[in-house]
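Peer 1: Could you have a look at this structure, given as structure tokens, before my questions?
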Amino acid sequence: MHRTPKYVQVYNQILLMIKRSQFAPGSKLPSEEKLTNDFNVSRVTLRTALSLLKEDGVISSIHGQGHFVTMTETQKNDQGIRVLRCPILDSLTIPIEEITHKDAYYFKNPSSVFTDKLFGVKDISYFTLNIWYKINQLNVANIFSILLPETIKKFNLDLEDEEQIVQFLEEDIYREVANSKLTISISSREPDSFRREFSEEDKLVLMTENLYSMNGKVLAQNKYYISDNFFRTSLVRYQSNQ
């Protein structure tokens with residue numbers, strides 16, 4: 001009876017840990033030194049196992065940085081609000097393609113104590129952008145974005161162009177975002193208190209997101225209102241390695 005080679009045993013152990021999400025998709029594996037100690041094998045045995053994992057597309061390696069768990073296409077497309085992009089796209093119970101209309105518009109507003117504090121400025125006017133997501137005549141979601149004129153200028157955004165506003169809030173702004181803080185709650189606003197009304201029977205889920213630029217300053221504050229009948233999202237969570 002032949003014993004399973006050690007490099008195969010290590011391969012199977014790492015693969016099982018990945019499947020159990022002990023190593024999250026896209027995350028970096030522990031160093032080779034730690035792995036050799038954890039599995040009590042030689043560096044040669046470990047590297048053989050890692051080579052096989054790379055051949056099978058389970059991990060990838062970046063010279064000088066280490067080994068990383070490869071994400072499958074399913075994992076890339078099913079990450080919920082974990083991904084830094086417009087959460088509306090990951091929080092509707094229906095495919096975004098079923099939205100029949102996106103109504104976008106803007107307002108220019110005088111400075112306020114709230115926005116001056118939010119952006120760390122003084123007496124600066126600001127813009128608010130809106131997108132309403134509709135299924136036929138039914139409003140199901142709304143984006144309300146607060147941002148400064150300098151951000152509009154930076155993106156060369158034509159506010160008279162509805163498609164540009166939608167493209168900007170759903171995609172373009174996130175290319176300049178380093179990180180964000182997202183808070184989810186039940187809105188205290190009545191459905192009929194909006195410029196475009198939600199159904200009176202609806203409760204509204206509110207996601208408030210501060211978007212931070214590379215220099216750490218607030219780039220925009222976005223509020224996402226979604227009818228509770230159309231809201232469902234997910235967040236994949238993992239054990240901390242610390």
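Peer 1: Considering only protein heavy atoms and a 1.4 Å probe, what is the carbon-and-sulfur percentage of the accessible area of the chain? Kindly include the intermediate steps, with their values, before the conclusion.
Peer 2: Numbers: 6890 of 14730 Å².
C and S atoms contribute 47 percent here.
Peer 1: Still on this structure: Going down the list LYS117/LYS203; LYS117/LYS153; LYS34/LYS181; LYS122/LYS203; LYS19/LYS203; LYS28/LYS117, which pairs span over 27 Å between their C-alpha atoms? Intermediate results must be reported in sequence, preceding the final value.
Peer 2: Details: LYS117/LYS203 30 Å; LYS117/LYS153 21 Å; LYS34/LYS181 33 Å; LYS122/LYS203 36 Å; LYS19/LYS203 38 Å; LYS28/LYS117 38 Å.
In this structure, LYS117/LYS203; LYS34/LYS181; LYS122/LYS203; LYS19/LYS203; LYS28/LYS117 lie more than 27 Å apart at Cα.
Peer 1: Less than 16 Å apart at the alpha-carbon level, and either on another chain or at least 8 residues along: which lysines does that give for LYS154?
Peer 2: LYS217
Peer 1: Hey, got the dipole for the chain? About the Cα centre, +1 on K and R Cβ, -1 on D and E Cβ, debye to the nearest 20?
Peer 2: It comes to approximately 1460 debye.
Peer 1: Right, another one. Quick check for you: which residues of the stretch 204-239 have the amide N under 18 Å from the point 7 Å beyond the Cα of PHE194 toward its beta carbon?
Peer 2: Counting backbone N atoms under 18 Å from the label point, the list is 204-209, 221-233.
Peer 1: Hey, another quick one. Restricting things to alpha carbons, tell me how big the chain is in terms of Rg and Dmax, in Å.
Peer 2: According to the Cα coordinates of the chain, Rg and Dmax are 23.5, 82 Å.
Peer 1: To continue, here is another question. Taking each pair of different alpha-carbon atoms in the stretch 141-230 once, compute 1/r for the pair, average those values, and report the inverse of that mean as the Kirkwood hydrodynamic radius in Å to one decimal. Can you show the working numbers first?
Peer 2: Working: mean 1/r = 0.0702 Å⁻¹.
Here the Kirkwood hydrodynamic radius works out to 14.2 Å.
Peer 1: Of the options THR100, ALA141, VAL177, report the single residue whose Cα projects farthest towards the positive end of the charge dipole of the chain (beta-carbon charges: Lys, Arg +1; Asp, Glu -1).
Peer 2: VAL177
Peer 1: Rounded to the nearest 500, what is the chain's calculated 222 nm mean residue ellipticity when only DSSP H runs of at least 4 contribute -39500 (n - 2.57) each, over all residues?
Peer 2: Calculated from helices alone, the mean residue ellipticity at 222 nm is -7000 deg cm²/dmol.
Peer 1: Just by accessible area at a 1.4 angstrom probe, what is the order of GLU97, GLU197, GLU162 from largest to smallest? Don't skip to the end; give the middle numbers.
Peer 2: Numbers: GLU97 145, GLU197 100, GLU162 80 Å².
Ranked from most to least accessible, the order is GLU97, GLU197, GLU162.
Peer 1: Can you put LYS28, LYS19 in order of accessible area, largest first, using a 1.4 Å probe?
Peer 2: Result of the area sort, largest leading: LYS19, LYS28.
Peer 1: Something else now. Return one number: the angle in degrees, 0 to 90 and rounded to the nearest 10, between the long axis of the Cα atoms of helix 43-55 and the longest principal axis of the Cα atoms of the chain.
Peer 2: Around 50 degrees separate the two axes.
Peer 1: Next question, about the same structure. Just subtract the alpha-carbon distance of GLN22 and SER185 from 0.36 nm times their residue separation and send over the number in nm, one decimal. Don't skip to the end; give the middle numbers.
Peer 2: Values: separation 163, 0.36 × 163 = 58.68 nm, distance 2.97 nm.
Value of the extension gain: 55.7 nm.
Peer 1: Now for a different question. Using a Förster distance of 45 Å, how high is the FRET efficiency between SER213 and ASN12, based on the Cβ-Cβ distance and rounded to 0.05?
Peer 2: Working: r = 44 Å, r/R0 = 0.99.
With R0 = 45 Å, the Cβ-Cβ based efficiency is 0.50.
Peer 1: Per residue, how much accessible area does the chain show when a 1.4 Å probe rolls over the protein heavy atoms, in square angstrom? Can you show the working numbers first?
Peer 2: Details: 14730 Å² over 242 residues.
Value returned for the chain: 61 Å² of accessible area per residue.
Peer 1: Compute the helix-to-body angle for 6-19: its Cα long axis versus the longest principal axis of the chain, expressed 0 to 90° and rounded to tens.
Peer 2: 20 degrees
The values are calculated or read from the model by the stated rules, or taken from the named source; none is laboratory data. Note that the structure is a prediction, hence the values are computed from the model and not measured. Note that each Cβ is placed from the backbone with ideal geometry, even for glycine, and that neighbours are counted across all protein chains shown. For the accessible areas, the whole protein counts, side chains as well, though only heavy atoms, and no ligand, DNA or RNA atoms are used. Shrake-Rupley method; radii C 1.70, N 1.55, O 1.52, S 1.80 Å.
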